[in-house]
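The values are calculated or read from the model by the stated rules, or taken from the named source; none is laboratory data. Remember, it's a predicted structure, so these values are computed and weren't measured experimentally. Methodologically, a virtual Cβ is constructed for each residue, glycine included, from the backbone with ideal geometry; neighbour enumeration extends over all protein chains shown. Note: areas computed on protein heavy atoms with side chains; ligands, DNA, RNA excluded. Shrake-Rupley method; radii C 1.70, N 1.55, O 1.52, S 1.80 Å.
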Amino acid sequence: MKDDYLKFELRETDASVANALRRVMIAEVPTIAIDLVEIEVNSSVLNDEFIAHRLGLIPLTSERAMEMRFSRDCDACDGDGQCEYCSVEFHLRAKCVTDQTLDVTSKDLYSSDHAVIPVDFSDPSDPNEPSDNTETQRGVIIVKLRRGQELRLRAIARKGIGKDHAKWSPAATVTFMYEPEIHINEDLMETLTLEEKLSWIESSPTRVFDIDKVTQQVVVVDPEAYTYDDEVIKKAEAMGKRGLIDIRAKEDSFIFTVESTGAVKASQLFLNAIEILKQKLDAVRLSDDTVEADDQFGELGVHMRGG
């Protein structure tokens with residue numbers, strides 16, 4: 001597990017629940033993203049709309065997104081979406097005064113809330129990224145300026161979900177697969193020579209099997225690496241050893257892989273998805289009383305009814 005990567009097993013359930021959890025992580029967990037851009041000065045080669053689009057796709061740290069209000073539901077600003085409860089303000093001022101090209105990046109965005117800032121993609125644990133190397137810590141490039149060119153703008157970031165726009169999706173990718181159940185026919189395996197065993201092991205595109213150095217037996221070292229490619233089964237049949245391996249999918253067990261955009265840690269993304277899934281199930285129980293559902297769940301109740 002890393003800040004932006006998580007792998008876990010979901011057991012004793014079915015594919016419908018697994019897929020519901022996957023879809024919630026992708027499209028229902030809220031994050032914060034730039035939603036309004038006011039350009040004051042732009043003499044760069046990119047037009048205003050292009051820059052606004054690039055700003056919207058910059059991941060922002062969104063740990064407090066679950067606590068924020070949706071701008072359309074905010075009573076503090078009457079839905080205007082420009083108050084401290086439902087938005088965060090950013091400013092950017094950059095001007096190139098030398099003959100060297102100036103890279104304007106996400107690091108040049110100044111936030112009104114220290115908890116909501118552009119995601120830092122540098123990895124301090126990576127030996128190839130020394131801490132004193134400013135080039136690796138510059139962030140996402142927004143635009144490049146030449147001498148005399150200038151960019152000044154004000155941006156408003158708001159809470160949203162991936163269902164409304166992809167810029168609010170906290171997940172780069174979320175996948176799941178059935179957990180494989182692998183059984184080796186030891187009697188048939190014993191009829192193979194060491195060279196044949198090695199050839200059979202190498203037929204798998206992923207390292208699922210290996211040779212025990214002591215017993216010279218074929219062992220399963222990483223069943224989760226199996227990708228249901230059937231290559232080892234085809235190899236066994238080509239060797240005249242049908243039934244050498246039996247691989248079945250456990251229909252109540254799933255292996256999840258989650259990669260975050262950095263807006264929310266992968267582990268927190270999973271926990272937030274569980275909480276939202278619980279709220280959606282509660283909203284279903286309250287669907288007969290739409291007024292009560294709206295009062296309790298706000299925008300979520302509307303989404304549940306397809307509004």
Which of the residues spanning segment 62-114 are at pLDDT 90 or above and of a type in the set (S, T, N, Q)? Ser62, Ser87, Thr98, Gln100, Thr101, Thr105, Ser106, Ser111, Ser112
Take residues that are aliphatic (A, V, I, L, M) and more than 17 Å from the chain's Cα centre (by Cα) and tell me which of the strands (runs of 3 or more DSSP E) falling wholly in segment 157-263 contain 2 or more. 171-184, 218-220, 245-260
Considering each residue of segment 172-196, count those that are among the aliphatic types (A, V, I, L, M), open to solvent by 60 Å² or more (accessible area, probe 1.4 Å) and under 29 Å from Thr257 (Cβ atoms), and give that number. 1
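Table: residues versus (1) touching a helix residue (DSSP H, G or I) at 6+ places or on another chain (Cβ under 6 Å); (2) assigned by TED's automatic domain parsing to the domain that holds Arg146; (3) open to solvent by less than 80 Å² (accessible area, probe 1.4 Å); (4) outside any loop (DSSP other than H, G, I, E, B).
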{"site": "Lys7", "(1), (2), (3), (4)": "no, no, no, yes"}
{"site": "Val17", "(1), (2), (3), (4)": "no, no, yes, yes"}
{"site": "Arg22", "(1), (2), (3), (4)": "no, no, yes, yes"}
{"site": "Ile39", "(1), (2), (3), (4)": "yes, yes, yes, yes"}
{"site": "Glu49", "(1), (2), (3), (4)": "no, yes, no, yes"}
{"site": "Ala52", "(1), (2), (3), (4)": "no, yes, yes, yes"}
{"site": "Arg69", "(1), (2), (3), (4)": "no, yes, no, no"}
Among the numbered conditions (1) surrounded by fewer than 21 Cβ atoms within 10 Å (Cβ to Cβ); (2) in contact (Cβ under 8 Å) with a residue 24 or more places away in the chain, tell me where Asp75 comes up short. (2)
Given the conditions (1) of a type in the set (Ser, Thr, Tyr); (2) open to solvent by 40 Å² or more (accessible area, probe 1.4 Å); (3) in contact with an Asp or Glu (Cβ under 7 Å, 6 or more places away or on another chain), every one holds for Ser199 apart from (3)
Filter segment 118-152 for residues that are at pLDDT 60 or above, part of a loop (DSSP other than H, G, I, E, B) and open to solvent by less than 70 Å² (accessible area, probe 1.4 Å) and give the result. Val119, Ser122, Asp123, Gly139, Val140, Gly148, Gln149
